[in-house]
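The values are calculated or read from the model by the stated rules, or taken from the named source; none is laboratory data. Source: prediction; values computed, not measured. So basically every Cβ, Gly included, is an ideal-geometry build from the backbone, and we count neighbours across all protein chains shown. The accessibility values were calculated without ligands, DNA or RNA, using every heavy atom of the protein model including side chains. Shrake-Rupley method; radii C 1.70, N 1.55, O 1.52, S 1.80 Å.
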Amino acid sequence: MGTRHNIASFRGALELNVLLGVRNVALGRFVPGGAAIGRWQGLLPDPDMLQAALGAADHLAKRYPIAISISTPILPCLVDLARYETITPGFCTVGNETNSLFAIDPLGNLKVCSHSPFSLGNLFEATFTDLVKHSFLREFLETVPEFCRDCAALSICRAGCRSSAHLCYGSFEHEDPYLVTWKRRASKTSPAIARLKEREAAVRARKAKKGGPSGTPQASKGGR
């Protein structure tokens, strides 16, 4: 998990993973939540820090047999993700028709993701099919912040981390707090976004040709 205080050491951590024979690594930027909800502003790495970490990761992935992905949405309006040929971008999969992930806590409570404390209900008391009809999930999927509605990257970025917006501001109408912090640097029509969309379209085409994901919603263990 990359924060303002540790992300500069990401290259060193990757080099250690290479030496240990690790073949897959995921980079997640810090997302407000949990015990840090009251002091998240001081933990966010700025876009330049993320670019430096991704650049180092891309360099190492070209030299060694290690696959690197992004596990927490990094907004394309702030960071040029298309320039990193070896890194697989990651965006929110909640409600995704081909690879939807939910979270289940130890008590059986179903949540939209591991970043959200809100429970859709308990799987010991109701079926998964019934729980995903909850209005909270519908609001999560259908609400787009005004700033993001005309963004060229919306179809792939999906307005960043919606759970962190709800946690920090109490509404899905609000932008991802990372975007709020660095909005002055955001570009919704940059050439980098067009390149990223072309790349993502090519990836989807290759997956479709190979048969693609099963399309079955999945649940991840854990959650807050």
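Can you tell me which residues in the range 123-149 are of a type outside the set (A, V, I, L, M, F, W, C) and not in a loop (DSSP other than H, G, I, E, B)?
Residues of the range 123-149 that are of a type outside the set (A, V, I, L, M, F, W, C), as a first pass: 125, 127, 129-130, 133-135, 138-139, 142-143, 145-146, 149.
Answer for the range 123-149, where residues must be of a type outside the set (A, V, I, L, M, F, W, C) and not in a loop (DSSP other than H, G, I, E, B): 129, 130, 135, 138, 139, 142, 146.
Could you give every pair whose Cβ atoms fall below 6 Å, whose first residue belongs to the range 100-112 and is of a type outside the set (A, V, I, L, M), and whose second residue is in a strand (DSSP E or B) and open to solvent by 20 Å² or more (accessible area, probe 1.4 Å), counting only separations of at least 6 or pairs across chains?
If the second residue must be in a strand (DSSP E or B) and open to solvent by 20 Å² or more (accessible area, probe 1.4 Å), the pairs left are 102/219; 108/122; 109/122.
Being touching a Cys at 6+ places or on another chain (Cβ under 6 Å) and outside any helix (DSSP H, G or I) is the filter here, so list the residues in the range 154-200 that pass it.
Matches in the range 154-200: 158, 159, 176, 186, 187, 188.
It is to be established whether one or more residues within the range 52-72 are touching a Cys at 6+ places or on another chain (Cβ under 9 Å), in contact (Cβ under 8 Å) with a residue 24 or more places away in the chain and closer than 30 Å to residue 190 by Cα.
yes
State whether one or more residues within the range 76-84 are exposed (fewer than 15 other Cβ atoms within 10 Å of the Cβ) and free of Cβ contacts under 8 Å to residues at least 24 places away in the same chain.
Looking through the range 76-84, none of the residues is exposed (fewer than 15 other Cβ atoms within 10 Å of the Cβ) and free of Cβ contacts under 8 Å to residues at least 24 places away in the same chain.
Pick from the range 131-170 the residues that are on the phi > 0 side of the Ramachandran plot and touching a residue at least 40 places away in the same chain (Cβ under 8 Å): which of them is most open to solvent (accessible area, probe 1.4 Å)?
Within the range 131-170, the match that is most open to solvent (accessible area, probe 1.4 Å) is 158.
Can you find a residue in the range 60-68 that is part of a loop (DSSP other than H, G, I, E, B), within 21 Å of residue 183 (Cα to Cα) and not aliphatic (A, V, I, L, M)? Talk me through it step by step, then tell me what you get.
Step one: list which residues in the range 60-68 are part of a loop (DSSP other than H, G, I, E, B), which gives 64-66.
This time we only want the ones that are within 21 Å of residue 183 (Cα to Cα), so: none.
Within the range 60-68, not a single residue is part of a loop (DSSP other than H, G, I, E, B), within 21 Å of residue 183 (Cα to Cα) and not aliphatic (A, V, I, L, M).
Of the conditions (1) open to solvent by 70 Å² or more (accessible area, probe 1.4 Å); (2) at pLDDT 95 or above; (3) not basic (Lys, Arg), residue 88 satisfies every one except a single condition; which number is it?
Tallying (1) open to solvent by 70 Å² or more (accessible area, probe 1.4 Å); (2) at pLDDT 95 or above; (3) not basic (Lys, Arg), residue 88 fails exactly one: (2).
Kindly establish whether residue 200 is surrounded by 13 or more Cβ atoms within 10 Å (Cβ to Cβ), modelled with pLDDT under 90 and under 19 Å from the mean Cα position of the chain (by Cα).
Against the criterion (surrounded by 13 or more Cβ atoms within 10 Å (Cβ to Cβ), modelled with pLDDT under 90 and under 19 Å from the mean Cα position of the chain (by Cα)), residue 200 qualifies.
Taking the residues in the range 93-122 that are β-branched (Val, Ile, Thr) and part of a loop (DSSP other than H, G, I, E, B) as candidates, determine which candidate is surrounded by the most Cβ atoms within 10 Å (Cβ to Cβ).
Per the criteria, the residue is 112.
Identify the residue in the range 1-55 that is assigned to a strand (DSSP E or B) and of a type in the set (Gly, Ala, Ser) and, among all such residues, is most open to solvent (accessible area, probe 1.4 Å). I'd like the intermediate steps shown before the answer.
Filtering the range 1-55 for residues assigned to a strand (DSSP E or B) gives 2, 24-27, 29.
Pick out the ones that are also of a type in the set (Gly, Ala, Ser) and you get 2, 26.
On the way: 2: 5, 26: 62 Å².
So the residue we want is 26.
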